[in-house]
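Enquirer: Sharing a structure here in structure tokens format.
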């Protein structure tokens, strides 16, 4: 048995995309999107899925409950502050899970004690004792975190962790909440706790790193080398501020370099790209082109020297195979003569699993795209499927047609025709450019007070006939929604993305509206 196969070198992957990842401003996900991502994380082999913060809102409670019911293999975790009310609410949502876990936390650094909690050292320790004991009375699997651990006095951190262990916490997570630490310090902190805290070796030690200084992956792996055996991470590194440790980075680092990191996970890495694309789409956060593992350029080679080497042997400039992360032999061109069987086979290759009705609509869209474009690449098809799914998920409003007058000679006008609750309506409006005119027309057809926070366009592939993929983010009364669409006409994609966001916004309005009182006999 090699070192990498030694059970003691197994690293648990704790994914918090649905909780910490969703806390990125504007990354709010719908219930359906959370269930879809949780199901894929489960299939991928993620050990623990942190599904949300049940006390935060009724929507979060509903999401954690729903994820608890659908996940088959992974542990489902809910976050709770150091409060019995929070912990009880978490348990109420988690009780449907086959493998539930309560994750409770409290700030321990001087800054957090004084400014966030207004508590002294003894009060914080008493709260740890009270809440970990209560959580353990509800659930056998309890994780505890000292928030801002990396800026906490070492002697006090030892005291706090010791109490959590004594009170029954089964996992102790050491978070670098503000991305402050560095690899050597991250490792030494774990070693120090293992030396000083009685019984800690009987618990799982976790690491949770943020990327404010660009060292989240390095800090997480350093902690593992020092004895941590759980990494908390997100797909694409999604998360507050600069994000969290990226799941794909730590998993592939251990897979590619077992010679210096003799650790392993239970992750099916061939599902990485599929999850990356889905999380990017539903969150509205595009993956930067040069992002490690999942970026568009991660397996692209333009330099003549690199291309020459790749032609001779892929290993000259690639340290992993594209198929290891779920990329197929890309750019097998599809066209207008491709049939349903070929299209379905391509979807299988791309890891796109859709129902029969969605497939029929996607195939119709594919044919229309093939007529508009000379060549249809894998990325075009992925964008098409994602656009099909987002446009049909919430369908009070559908785009029928987009037309207008644009250019240097004003005024710029747009005529938008929509189907609204089954009724066809149209409106023409002026604006400062085609996008503004189109959005003004839509606002007349669908009155709302939402503020446009983000409008983003990028080309799916190369060439003047490339599809434009548009993302918009809107905010109304504190509710954030994102919309996405792709089309060879940038204006059509823009209108569809805007309408997609409005569909989600109206759905949120309906869910948050007060329910009528039920009469009793």
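Enquirer: Could you give me the percent of Cα pairs per 10 Å distance bin for the stretch 395-512, shortest bin first, beginning at zero and ending with the bin that holds the maximum distance?
Expert: Spelled out per bin, shortest first, that is 15, 44, 34, 7, 0.
Enquirer: Moving on. Nearest 5 percent is fine: what portion of the DSSP beta bridges confined to the stretch 10-283 is antiparallel?
Expert: Taking every DSSP beta bridge with both residues in the stretch 10-283, the antiparallel ones total about 5 percent.
Enquirer: Direction-averaged shadow area of the convex hull around the Cα atoms of the stretch 48-164, nm²?
Expert: The directionally averaged projection comes out at 6.9 nm².
Enquirer: Report, in whole Å, the centroid distance computed from the Cα atoms of the stretch 435-460 and the stretch 116-147.
Expert: Using only Cα atoms to place each centre, the spacing works out to 46 Å.
Enquirer: Here's another thing I want to ask about it. Restricting to DSSP H runs of at least four residues, report the calculated mean residue ellipticity at 222 nm for the chain, -39500 (n - 2.57) per run over all residues, nearest 500 deg cm²/dmol.
Expert: Value at 222 nm, helices only, nearest 500: -12500 deg cm²/dmol.
Enquirer: Return the label of the correct value of Cα extents along the principal axes in Å, as calculated from the structure shown, out of (1) 130, 59, 43; (2) 78, 73, 45; (3) 72, 55, 54.
Expert: Label (2) holds the value from this structure.
Enquirer: By count of other Cβ within 10 Å, fewest leading, how are 87, 174 ordered?
Expert: The order, fewest Cβ neighbours first, is 174, 87.
Enquirer: In percent, how large is the relative contact order of the stretch 10-283, given Cα pairs closer than 8 Å and 6 or more residues apart?
Expert: 20 percent.
Enquirer: Per 0.36 nm of contour for each residue apart, how much would the distance between residue 126 and residue 345 grow if the chain were fully extended, relative to their Cα-Cα spacing?
Expert: My answer for the length gained is 72.9 nm.
Enquirer: By how many degrees, between 0 and 90 and to the nearest 10, does the Cα long axis of helix 378-393 differ from the longest principal axis of the chain?
Expert: Helix 378-393 sits roughly 90 degrees off the main axis of the chain.
Enquirer: Can you give the FRET efficiency to the nearest 0.05 for residue 456 and residue 117, using r as the Cβ-Cβ distance and R₀ = 51 Å?
Expert: That gives a FRET efficiency of 0.85.
Enquirer: Still on this structure: How much of the DSSP bridge set in the chain is antiparallel, in percent, rounded to the nearest 5?
Expert: Taking every DSSP beta bridge with both residues in the chain, the antiparallel ones total about 50 percent.
Enquirer: Would you mind ranking 28, 39 by Cβ crowding within 10 Å, fewest neighbours first?
Expert: 39, 28
Enquirer: Take the Cα gyration tensor of the stretch 10-283, multiply each eigenvalue by 5, square-root it, and list the three semi-axes largest first, rounded to whole angstrom.
Expert: For the stretch 10-283, the semi-axes come out at 26, 23, 17 Å.
Enquirer: Roughly what angle does helix 183-196 make with the longest principal axis of the chain, taking Cα atoms, 0 to 90 degrees, to the nearest 10?
Expert: Compared with the principal axis, the helix lies near 40 degrees.
Enquirer: Round to the nearest 10 and give me the degree value, 0 to 90, for the angle of helix 31-44's Cα axis relative to the longest principal axis of the chain.
Expert: Result, in degrees: 60.
Enquirer: What's the exposure ranking of 400, 13, going from fewest to most Cβ atoms within 10 Å?
Expert: 400, 13
Enquirer: Using 0.36 nm per residue of separation minus the Cα-Cα distance, give me the extension gain between residue 57 and residue 421 in nm, one decimal.
Expert: 128.1 nm
Where a number appears in this text, it was derived from the coordinates with a stated rule and is not lab data. Since this is a predicted model, take the numbers as computed values, not measurements. So basically every Cβ, Gly included, is an ideal-geometry build from the backbone, and we count neighbours across all protein chains shown.
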